[in-house]
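The values are calculated or read from the model by the stated rules, or taken from the named source; none is laboratory data. The structure presented is a predicted model; accordingly, all values stated were derived computationally and were not measured. Cβ placement follows ideal geometry from the backbone for every residue including glycine, while neighbour counts extend to all protein chains displayed. Note: accessible area is taken over every heavy atom of the protein model, side chains too, but ligands, DNA and RNA are not part of it. Shrake-Rupley method; radii C 1.70, N 1.55, O 1.52, S 1.80 Å.
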Amino acid sequence: MSAENAHQETGLLAEEPSGVQDAVVEAATLEAAILESVPSKAGESAPSEAHADTDSVDTEADAADSLDPDSDPSEADAETDSDPSAAPPTGTMSAERLALKALEHRLLGGDRKLRRREVAAGAGLSLLSARKLWRALGFPNLGDEDVAFTERDQSALNTIVDLVRAGKLTEEAAISVTRAIGQMTDRMVVWQIEALVEDMVHQQGVPDSVARKRLVNELPTLVDALEEMLLYSWRRQLNAGVQRLAVRAEAGLQSSEEGREGDEDDTPLPLARAVGFADLVSYTSLSRRMNEKTLAQLVQRFENKCAEIISVGGGRLVKTVGDEVLYIAETPAAGAEISLALCQAFTEDEILPQARVAMVWGRILSRLGDIYGPTVNLAARLTALADPGTVLVDSMTAAALEQDERFVLLPRPAEDVRGFGEIHPVQLQRGSGHGLVLD
């Protein structure tokens, strides 16, 4: 077998063997005939023995497949109908389930009527190739018999595959881009739902469980607006990313050359950025003494304040991990302004504890929405050395800021830092000017 043939058979664009595709079509046709001729119970579908023949491919991989919890609600209704005291008459659904099914129909663009092999075959892909993309999106495993997909799923699969076939994306890039979409939208949806539930609990005075049920009825009035804002924000963020990529990246590298000898650990890395960490003091002990509501308010207050300050300062919030936030900026001065503003905000806040903050100007690698490299590690080490309510930088960052009157730099004793040896921390303080102005 040639290398080219091997790639065609195992890569993302590998087609389902023709025999399997024929079996899928034949099984679907046979099952349709069976469903038409055999009456079924409410909420149940007639079994199809012919469809079991398509399990010859991916048998081992599918052995652990579990039914999608979002699959056809009629199956759940069938279970509910078994308890006559808690369910509506056989063959009908409660108002709650009707609302849920209507919302699903709207969000998915139609009824679930396709199986995974039918969707894969429709895109000209093997099931294995289609599953690579679905897993990248974060979808659960499904069995061959699960009717879980709509025509919009088919269209989405075709969209990403067409980009690969047109040579605009490599297979690796297509999976990486798809994974980015899946992970970011998953986190976004969870965040939005929790925010809406929390608001309903507060405004309507209902328990969390009641708010979650009511949200199903409220969401249809919000979907279009949320979708519009998502697209708007994505376009704005993409434009900002292009500006950073095409306009300022080279300027950042040139400015980072000053004071460097060319043999630093981060020299091969492509981006020059100010990397900062802000870490709340005594967060662990505080969280142990708080109830669920108070802790949620503290975390939300922390994240909101960080996001606002970093955004106003022209930086980017890379991620939050518990009581710590990681951010970047495009210049040493911008990173310094953000760091001082964060430190001051937490010191003055009547609810949040003080923070330890550190910032390092250096080179990084940006991948998977995160950042990597010695610069990031050094910033994290300096954060642990900072006193509560102070900002530390390293000596090279201090050299890049020393001519700027907005900042005062106070050398501290040398420290032996794991992985870096002896370093010379410098405390950063406010000089002239008022710093970042927050509304």
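From (1) in contact with a Leu (Cβ under 8 Å, 6 or more places away or on another chain); (2) surrounded by 15 or more Cβ atoms within 10 Å (Cβ to Cβ), pick out the condition that doesn't hold for residue 201.
(1)
Taking only pairs six or more apart or across chains, which ones have beta-carbon atoms under 6 Å, a first residue in the stretch 107-132 that is more than 15 Å from residue 12 (Cα to Cα) and among the small types (Gly, Ala, Ser), and a second residue that is open to solvent by 50 Å² or more (accessible area, probe 1.4 Å) and not in a loop (DSSP other than H, G, I, E, B)?
109/152; 110/151
Look at the stretch 185-200 and say how many of its residues are within 10 Å of the chain's Cα centre (by Cα) and either over 24 Å from residue 295 (Cα atoms) or among the acidic types (Asp, Glu) (or both).
2
Select from the stretch 204-217 the residues that are loosely packed, with under 12 Cβ neighbours inside 10 Å, at pLDDT 90 or above and assigned to a helix (DSSP H, G or I) and list them in ascending order.
204, the sole residue that qualifies.
Can you pull out every residue in the stretch 374-395 that is in a helix (DSSP H, G or I), open to solvent by 10 Å² or more (accessible area, probe 1.4 Å) and within 13 Å of residue 428 (Cα to Cα)?
Matches in the stretch 374-395: 395 only.
Given the conditions (1) modelled with pLDDT of 90 or more; (2) outside any helix (DSSP H, G or I), and given that residue 139 satisfies all but one, which numbered condition is not satisfied?
Here residue 139 meets the rest and fails (1).
Regarding residue 146, is this residue in a loop (DSSP other than H, G, I, E, B), modelled with pLDDT of 90 or more, surrounded by 16 or more Cβ atoms within 10 Å (Cβ to Cβ) and of a type in the set (D, E, K, R)?
Numbers: in a loop (DSSP other than H, G, I, E, B): yes; modelled with pLDDT of 90 or more: yes; surrounded by 16 or more Cβ atoms within 10 Å (Cβ to Cβ): yes; of a type in the set (D, E, K, R): yes.
Yes, satisfied.
Quick one: how many residues across the stretch 164-185 are open to solvent by 60 Å² or more (accessible area, probe 1.4 Å) and of a type in the set (A, V, I, L, M, F, W, C)?
4
Kindly provide the set of residues from the stretch 329-373 that are open to solvent by 10 Å² or more (accessible area, probe 1.4 Å), under 21 Å from residue 409 (Cβ atoms) and in a strand (DSSP E or B), ordered by number.
Correct list: 356, 361.
Does at least one position in the stretch 222-239 carry a residue that is outside any helix (DSSP H, G or I) and surrounded by 14 or more Cβ atoms within 10 Å (Cβ to Cβ)?
The initial filter retains those residues of the stretch 222-239 that are outside any helix (DSSP H, G or I), namely 222.
Add one more test, that the residue is surrounded by 14 or more Cβ atoms within 10 Å (Cβ to Cβ), and what stays is none.
Within the stretch 222-239, none of the residues are outside any helix (DSSP H, G or I) and surrounded by 14 or more Cβ atoms within 10 Å (Cβ to Cβ).
Has the stretch 407-420 got at least one residue that is outside any loop (DSSP other than H, G, I, E, B), charged (D, E, K, R) and open to solvent by 50 Å² or more (accessible area, probe 1.4 Å)? Break it down into steps so the answer makes sense when it comes.
Step one: filter the stretch 407-420 for residues outside any loop (DSSP other than H, G, I, E, B), giving 407-411, 415-417.
Checking the rest, the ones that are also charged (D, E, K, R) come to 415-416.
Subsequent filtering for residues that are open to solvent by 50 Å² or more (accessible area, probe 1.4 Å) retains 415-416.
Checked against the condition, which is being outside any loop (DSSP other than H, G, I, E, B), charged (D, E, K, R) and open to solvent by 50 Å² or more (accessible area, probe 1.4 Å), the stretch 407-420 yields at least one hit.
For the stretch 307-328, enumerate the residues that are more than 21 Å from residue 431 (Cα to Cα), open to solvent by less than 60 Å² (accessible area, probe 1.4 Å) and touching a residue at least 24 places away in the same chain (Cβ under 8 Å). Quick ask: steps written out before the conclusion?
In the first step, residues of the stretch 307-328 are kept if they are more than 21 Å from residue 431 (Cα to Cα); the result is 307-308, 311, 316-328.
With open to solvent by less than 60 Å² (accessible area, probe 1.4 Å) added as a condition, the list becomes 307, 317-318, 320, 322-328.
Listed by number, the residues that qualify are 318, 322, 323, 324, 325, 326, 327, 328.
Need pairs with beta-carbon distance below 6 Å; first residue within 23 Å of residue 318 (Cβ to Cβ) and within the stretch 187-198, second modelled with pLDDT of 90 or more; sequence gap 6+ or separate chains.
none
For the stretch 269-295, name all the residues that are in contact (Cβ under 8 Å) with a residue 60 or more places away in the chain and over 12 Å from residue 352 (Cα atoms).
First, pick out the residues of the stretch 269-295 that are in contact (Cβ under 8 Å) with a residue 60 or more places away in the chain: 269-283, 286.
Across the stretch 269-295, the qualifying residues are 269, 270, 271, 272, 273, 274, 275, 276, 277, 278.
Is there a residue being farther than 30 Å from residue 184 by Cβ and of a type outside the set (Phe, Trp, Tyr) anywhere in the stretch 368-385?
So the first thing to find is which residues in the stretch 368-385 are farther than 30 Å from residue 184 by Cβ, and the list is 385.
Those still in the list that are of a type outside the set (Phe, Trp, Tyr) too: 385.
There is at least one residue in the stretch 368-385 that is farther than 30 Å from residue 184 by Cβ and of a type outside the set (Phe, Trp, Tyr).
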